[in-house]
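So the structure is just underneath, and the comments pick up after that.
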Amino acid sequence: MFPFHQHTRLCCALLLAVVLVAPADAAARRQPANAAIAAAHPLAVAAGEEILASGGNAFDAAVAVSAALAVVEPYASGLGGGGFWLLHLAKSDRDVFVDGREVAPAAATPGMYLDAAGNPVAGLSLDGPLAAGIPGEPAALVHIASRYGRLPLARSLAPAIRLAEEGVPAHVRMTLGLRFRRQVAEKSPAFMATFYPGGAIPAEGAVIRQPELAATLHRLATKGFDGFYRGETAERLVAGVRAAGGIWAPEDLAGYRVREREPLRGSYRGTTLVSAPLPSAGGVGLVQMLNILAGYDLGALDGAARKHLLIEAMRRAYRDRSIYLGDPDFVAVPVEQLVHPFYAAGLRSSIRLDRATPSASLAAIDTDGSDGRDTTHFSIIDAAGNRVGGTLSINTWYGATFMPPGTGVVLNNEMDDFTVKAGTANWFELVGAGANAIAPGKRMLSSMSPTFLESTRGVAVVGTPGGSRIISMVLLATLQWLDGADAATMVSLKRFHHQYEPDVVTYEDGAFTPGELAALEARGHRLQRSERNYGNMNVVTWDFATGRVEAGMDPRGRVVGQVY
Ligand code: DON
């Protein structure tokens, strides 16, 4: 039994209390009537609540939630990984994108995962320390706390340190992942000792303590950047990685830098979209798809025609992702052209209303050049109107499934997000080209897309895990919000996806009616029902008319959104 229901009920009671005393003119002053946090685990939500209650703002809460997620979802994100944090500063009405993405170590080479014949070696970019990029999350937490927070970093990290010290109950997602990753885990004694106590997968509810992670968090809390990237923690990370065949060097850690970037903006039917810029493919893809769709009166079309157009928009945007996108600090990406309405008009001209476009018929890529169990997204709006959308990751389940001894840190396997070999699919079946090739210090292309939607109706903070499907999931949620959906509806929506290659529409049961399925097939789409759920979306919305802030939790995951 998952022991959090009581906590949820308590928060609901608090919600009622706060809403009753909220000032009636809150909406008129563009001040939310309340705050809300939606995250993938109730203990992470509670960590954020604790920080808001002790005088922190949304940014302090984001640090607390991120760090707590590292403890309660060790399979999804953590200090050994990276992420993107999209911030809205209410006072100055400014949006900031904090890029804490991992980078390739200095010793990385384009062919590092290939055999002598030039073919990818199975597992090399996914399992063990060679698969790990240099983590960015610890630096991002230090950056967010010092530049935007109100509280000291140590205060915001305190709930996570407590959770790691006292232990958290193992839950089904944790244990499923341990079953899946056992073989790889066996090569990492420190990982085994932490997550397979006595050599066995823990029973649901068994308390998992992570004292070494608590100590690592403590060093970060007291020493900031140097507490992770230099000194004791860094030495243990590098020694552990190198002893197990990895290539990290002390300079890789000491030289890691967070980047602040201008978010990518677009507009569609009176709504402004503020989303992730490169090295995420999310913002570019979303704006491209919305620009393509802007040429149609979707509301006037039947379900099959509307979904057909969505699929064709996805196909074209994901194709461009494969060809053009990569770390903007390393490659020149024609972003302005890609997000220009004229360019979308050109893409639209090849769309037929009555036929699917075979992906192979679009000009070939010049190769010169879950499903949501891993990775995590949270959304926060505080009572001052500050917002954070954070999508954090160690890539696939338990990342590289490797823990350098004495650190408690699970390393990412984000190197697989690079194009390991041009034209060869990665874990998420994405193909790429030179723009996303491996290079020292380069950030691997991501799909993580924390996004704000803004219109006269209000504001929504949207995002989800789900690998390559993240971008299409955020698109579907965006269109729902435009149609008036609330947070709960947006996260529950049945989803479908096309990513150019493979040339197939995958969908969740219920995403299409039988009639729509038949109509899409008749147009020539290849349709494949997915056995897996898509994503674990956490949305917070703020309605300007009522002032109310609401959290929506994805029924696919054990997600909790609480309002208080
Ligand atoms: O950055 C990315 O696009 C991926 N590493 C995200 C992985 C992910 O969402 C896994 N979840 N199912």
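Readers should treat all values here as calculations from the given coordinates under stated rules, not as data from a laboratory. On a predicted model such as this, the values are computed, not experimentally measured, just so you know. Here the Cβ is made from the backbone with ideal geometry for all residues, glycine too, and neighbour counts use every protein chain on show.
Return the aspartates and glutamates within reach of Lys494: Cα separation strictly under 16 angstrom, same-chain partners fewer than 8 residues apart disregarded; answer none if there are no such residues. Reachable aspartates and glutamates: Asp371, Asp483, Asp486, Glu508, Asp509, Glu516, Glu531, Asp554. The spacing between segment 27-85 and segment 405-429, judged by their C-alpha centroids, is 26 Å. Under 16 Å between alpha carbons, and skipping anything fewer than 8 positions from Lys187 in its own chain: which aspartates and glutamates qualify? Filter leaves Asp127. Under 5 Å from the amide H of Ser280 lie the amide H atoms of Ser446, each residue being 5 or more positions distant or on a separate chain, with H modelled from the backbone and absent for Pro and chain starts.
In order along segment 435-440, phi translates into HN-Hα couplings of 4, 10, 6, 5, 8, x Hz, rounded to whole numbers, per the Karplus curve 6.51 cos²θ - 1.76 cosθ + 1.60 with θ = phi - 60° and x for Gly and Pro. Each of the peptides 48-61, 230-243, 448-461 was scored by the mean count of other Cβ atoms within 10 Å over its residues; in descending order, highest first, they stand as 448-461, 48-61, 230-243.
Listed by chain and number, the lysines placed with their C-alpha closer than 20 angstrom to that of Lys442 are Lys421; residues fewer than eight positions away on the same chain are left out. Here segment 487-507 and segment 341-362 have alpha carbon centers that stand 19 Å from each other. Residue-wise HN-Hα couplings along segment 445-452, as the Karplus relation 6.51 cos²θ - 1.76 cosθ + 1.60 with θ = phi - 60° gives them from phi, are 4, 10, 10, 5, 9, x, 9, 9 Hz; Gly and Pro carry x. Footprinting exposure proxy ranking of Met444, Met174, Met112, fewest other C-beta atoms within 10 angstrom first, gives Met112, Met174, Met444.
Here segment 394-424 is scanned for amide nitrogen atoms under 13 Å from the site 7 Å beyond the Cα of Asn119 along Cα-to-Cβ, giving none.
A simple spin-label model places pseudo-atoms 7 Å from Cα toward Cβ; at Thr109 and Arg230 they are separated by 3.1 nm.
Residue separation of Glu260 and Tyr196 scaled by 0.36 nm, minus their Cα-Cα distance, works out to 19.2 nm of gained length. Net charge in the neighbourhood of Ala106 (other residues with Cβ under 10 Å of its Cβ; Lys, Arg +1, Asp, Glu -1) is -2. The helix-only estimate of mean residue ellipticity at 222 nm for the chain, built from DSSP H runs of length n ≥ 4 each weighted as -39500 (n - 2.57), is -10500 deg cm²/dmol after division by the residue total.
A cut-off of 5 Å between modelled amide H atoms, ignoring neighbours fewer than 5 places along the same chain, links Gly423 with Gly432.
Modelled label positions at Ser146 and Asp329, each set 7 Å beyond Cα in the direction of Cβ, lie 1.6 nm from each other.
For Arg269 and Glu521, FRET efficiency with R0 = 41 Å and r from the beta-carbon atoms, rounded to 0.05?
Result of the calculation: an efficiency of 0.90.
Computed from the C-beta positions of Ser54 and Glu204, the FRET efficiency with R₀ = 41 Å rounds to 0.85.
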